[in-house]
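Working notes for the structure below.
What follows draws every value from the coordinates through simple rules; no lab data is involved. The structure displayed is predicted, hence computed values, not measured ones. Glycine gets a Cβ as well: all are built from the backbone with ideal geometry, and neighbour counts include every protein chain shown.
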């Protein structure tokens, strides 16, 4: 299977954004709105943050034979792209996360499987993607959280990603697909359901909601860290003080993310928050970046600002919606090719060698 | 009564701005223009000043059980929203200020009743809103000003707000509704009328107008301060030197406001002026903010820049125009919910604990 | 005569810009293009330079009874507006400069009559405008320049304004009206004609053109200064070093101007150049500002940045084109009223007392 | 031959950009897209970089009799414009590079002939353009590179320009014209073909491509420098460290260029990169600028930021496409005239005397 197979890739798709039109034409409008939507200012900011940066080319550098390899937790990745955890992928394509996993595997990319996947983690793991990581949503009962960890260990996941951004989110996007979801997510069968909450004029506000009471705190993370030998990453870190605290607690990696600009508007752009977090980490653990990447040169910009690897969310999902596994592979191939072009431009043959000096500054 | 009552809230109203379309459809064009209008650059600036700020989220913070309470002049408010003084509300809805007061009361919000209300202050006070404050326009005769103060004291107002911004304003907005107003405002029956003034080519300019001669000055404020035991606030403060002078005079609070961008164009945005005023006050008296807030996260931004509470003007008036008291309550409910979401995002469970650190800075 | 006379002022004209639509409807398209045109970036910059500034209001200030008077070269002006020198005004209205002079006189405004006026200076002077200044274009023969000076002295002009900006300008605007002009301008009858120049591929460029050879230099200015007792101002100063040199030479005043953005594109905005020029002059001679003012608050901004008075060009010409003298008076009345409103806002009752402190700065 | 000849120049063409509409109407859409296209952000940036600069005029300066002459490698040019190396000009006009050479010759402009010209270098040289430089693409075999150098020497080229920007470029533009090109470029008959490369999902990425393996490096430049007595310039320098290294190696000149924004998007604008490169060179060798100039005042801005001369690419090609040699001459005439106007404005009669002081800075 390959993105180069003629049929699944629509004619004229030359970059990741070209998939959007096709996805919009194919998806139900509510599903498309759920996938493509976000808080307007932050959504735009996630892209404009890249557009404010400029590459400063070098000439005559010896980059031939370079590559984009990066090692993460003992695994050597051919390139720094991993599929971001996106739930409910069966809304986009009948094969959902299985297709994503196969597309990633075809391109040697890693994948972070979501707690809210349309398929069970065990089924995703069977698709052969490597490395496979598991994104964990904290469950109301510790034994359920632990059960998820054990399953991730059992299927050979190479890392756990605990999502710790906004513990209670505006419903604007999730309600678009509410009626299309199974009553119980595939991975959570038999577990205690998460509390539901809708703010009512007479009732408690979000700060008093049971959702917030059930949200994890630093001591929960400390407990979780002690339960598993898998590397544990926190996803949603944007403040350098949180990064420092995570390091002090022994966390194994951080993912800078604003949840795809899907929470409160005017949240800082992921890329703008990256440098301070990376500076706080100072190379002691891997820092991954998640936030609007849709072309390979943006990955290089994220690298210049401190990212060790990057997650691909919507950009892969549009292709999944249209073309399944070959679509996902095709997008990853595009990103990688664009990344290598950009590396050649700035005279940098090795991914991890790219630093702030490749960016122009006045 | 509640904003959640199905009928009065139009379908699809999800945020304060959603009320605008409905209000525009229902109101007479001149009344809508009077309500929605303003000096173009400053009006835009009042909103853009928020859009230039970004929230910097924190993770894993212990915010469950937090709340938005704030104490002002001995009253404990459930949240920091008060209805701003807006005159002539009967142009918007037959129940006018009475409906606003009932909507505020339903949500536990305070209200600042305007001198130019469509109803008498006594009638507004009877609606049970708490705290009720009274906005005072300086009257040509001191005894009339004093009479207004005594009435405010008599009905149990908890504070007086003296509006001290532009003493003479461009007529562009007020003339839209001139023909619809009673000859004598309800609260001013029996008092000396304010002088009228229209600049004519052959005549005196605004600086020579009787309106300006009748405008209050610092010594008038000192006199007023001595007439009442009620807390006295000045509304319209934008310069830190004025804030310092007000403190030296013993004023009890300040409201940073540019009169809703309804005076001279290119007046500074309220939010841009807030930090310097708050720094000058340094916590000695409450600083309130008034200037374009239409979602709850903006209130949090104003708090981060020094506001102790915020006034809601147009955002509540659009809902009043469409749905009366339930509309006003609904908007306040939205704002409060959005505020709590934003507080959860930045890991801040208490309103007054939010400081500049919740904003991203390069 | 007054702008308040009902008939000459079109309904709905509330600010200077409102005249533009009416002028465009009435004027020949080539004449309108000549009047309204300019180098695109600088034209926009002249306006945006104001839009980047914000007024910082003061409250409770004692401004009643203030005024906008300013003394210039022994004349007390009721307000700081003078009509800028604009040539060929008979293209706009049959009474041309005579109507402008009458409109200015009605409002107590000064006027700078242009060398290239449609009427002779003597006829303009007969209209009773005061003070009347004369704008001088350097003539190929010194005796012709001197003859113009003598005529200005004879009719009671109170100052001379030598235009010293771009000595050779792009023809884009002037060629729009070339066919409509008299062979010899009214004021230049009997004088040596200025050389003409069109750059041709095979021929000399602008630097080698006879126009440039005939342009005045610093020693010409020194000569001119010695020929007359009238105050001599230079118009077109944008560089502080030129301002210093002019002072050293004994010049009596400077006009910061980029010729209405009518020369080379990307010339700096007049307002952006003003502060450095004013700083170099340091109050030793009057500094006037010319550059896009179309509302009274902009005059106040120019004052805050160092201008002692301001020239009104296009803003008055649109009204002239539509309504003759009453139109010109109406625009001046609007500007003055807006200026006084803005002065009241910033708590400044005297024109010359307005300094940089009335502008907001971060 | 002259741009002033009535027939070849379309009516209404007043500036270089006016040619674009005519060129678009005449050219095949693919050829137009190839010529006009570029990476969107950088393409816009190349223009916006000029639009962020402002000229600061001087008055009364003695610029009459000035000129725009500049000496480069022993040749005295009447003005600082050279035609940039653009390949495949026969796609634009049947006479291609021959017409460009004749147009440049008519205006006394220099020309850099491209390796990928539609005509052989010998034929271009026969058109009498002076100085003629040769743009060299590094060939897979050193002997072929050397053969090109020898031919350039033989026809009297006065300098060699080695293009060293992106060694491997995105195919978006080149594939628009792929089917229209001869199998072997005119100048490369008998030489080893360059390797071809298309990234395929299963295959090597750009960093592993044979194209990159064949790209020149610093030691190749050192070798080339030793093979010829002609001045050798590097084209594509954007980083000051590369400029320093080139000087250390004995290079004779540098051309700051981002290849017309035709490579990776978000490459820095040429003009933004110019000052640091010029500062690194510090006048030791000529620095030329290439990057979006389409009016003469932009050349002056580039001069103020450090350029000794400038290359004209697309601006001349649009005119070539429409009107052949007279079109090229016409554009050069426009640019020169505009340049001299701008020099007169800033009071600078000599090209090389224009420094940073002619630009406004806050």
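Observations on the structure shown:
- Distance from the alpha carbon centroid of region C:181-246 to that of region A:219-286 works out to 68 angstrom.
- Kirkwood's formula applied to the C-alpha pairs of region C:88-166 gives a hydrodynamic radius of 12.7 angstrom.
- Order of C:115, C:263, A:198 under a 10 Å beta carbon neighbour criterion, fewest first: A:198, C:115, C:263
- Rounded D (µm²/s) - region D:1-98, Kirkwood Rh over Cα pairs, Stokes-Einstein at 10 °C, 1.306 mPa s: 90 µm²/s
- Spread of Cα-to-Cα distances over 10 Å intervals beginning at zero, given as percent, for the protein assembly as shown: 1, 8, 13, 16, 16, 17, 15, 9, 3, 1, 0
- Sorted by Cβ density within 10 Å, fewest first, the residues C:335, D:116, D:224: D:116, D:224, C:335
- Alpha-carbon centroid distance for the pair region D:119-168 / region D:329-362, whole angstrom: 31 Å
- Average beta carbon contacts from partner chains per residue of C:327-336, 10 Å cutoff: 2
- Translational diffusion coefficient of region B:232-271 (Stokes-Einstein, Kirkwood radius from Cα pairs, 20 °C, 1.002 mPa s): 201 µm²/s.
- Counting only alpha carbon atoms, the long axis of helix C:314-345 and the longest principal axis of chain C meet at about 40°.
- Judged by the mean number of other Cβ atoms found within 10 Å, the most tightly packed of the peptides B:31-38, A:14-21, B:190-197, A:323-330 leads the ranking A:323-330, B:31-38, A:14-21, B:190-197.
- Cα pair count fraction exceeding 18 Å, expressed as % - region D:250-295: 31 percent
- Mean separation of Cα contacts under 8 Å, 6 or more apart, over the residue count of region D:1-141: relative contact order %: 17 percent
- Sorted by Cβ density within 10 Å, fewest first, the residues B:137, D:318: B:137, D:318
- Region B:204-304: C-alpha gyration tensor shape, a/c 1.5 cut-off, then a/b vs b/c: oblate
- Rg and Dmax, both from the Cα atoms of region D:287-362 and both in Å, are 13.0, 44.
- Computed over region C:235-362, relative contact order equals 22 percent, with contacts defined as Cα pairs under 8 Å that lie 6+ residues apart.
- Antiparallel beta bridges, as assigned by DSSP with both residues in the protein assembly as shown, represent about 10 percent of the total such bridges.
- When the helices of chain A are scored as -39500 (n - 2.57) per DSSP H run of n ≥ 4 and the total is divided over every residue, the value at 222 nm lands at -11500 deg cm²/dmol.
- For residue C:180 and residue D:21, a Förster radius of 22 Å and the Cβ-Cβ distance give a FRET efficiency of 0.15, rounded to the nearest 0.05.
- Most mobile listed residue (A:199, A:99, A:299) in chain A, GNM with C-alpha springs under 10 Å: A:199
- Remark: C-alpha extents of region A:80-232 on the principal axes read 53, 36, 30 Å, sorted largest to smallest.
- Over region D:160-205, the hull volume per residue, using the convex hull of the C-alpha atoms, is 135 Å³.
- P(r) tail fraction, region A:211-262 - alpha-carbon pairs more than 15 Å apart, %: 49 percent
- Orientation-averaged projected area, Cα convex hull of chain B (nm²): 18.2 nm²
- q = 0.11, 0.20, 0.21 Å⁻¹: log10 I(q)/I(0) that the Debye formula gives for region A:230-362, counting C-alpha atoms only: -0.41, -1.18, -1.24
- Relative contact order computed over chain B (Cα-Cα under 8 Å; 6+ residues apart), in percent: 28 percent
- Peptide B:164-172, shielding by other chains (average Cβ, 10 Å cutoff): 5
- The alpha carbon convex hull volume per residue for region C:168-251 rounds to 155 Å³.
- Listed residues A:306, A:203, A:250, most fluctuating in chain A (Gaussian network, C-alpha, under 10 Å): A:203
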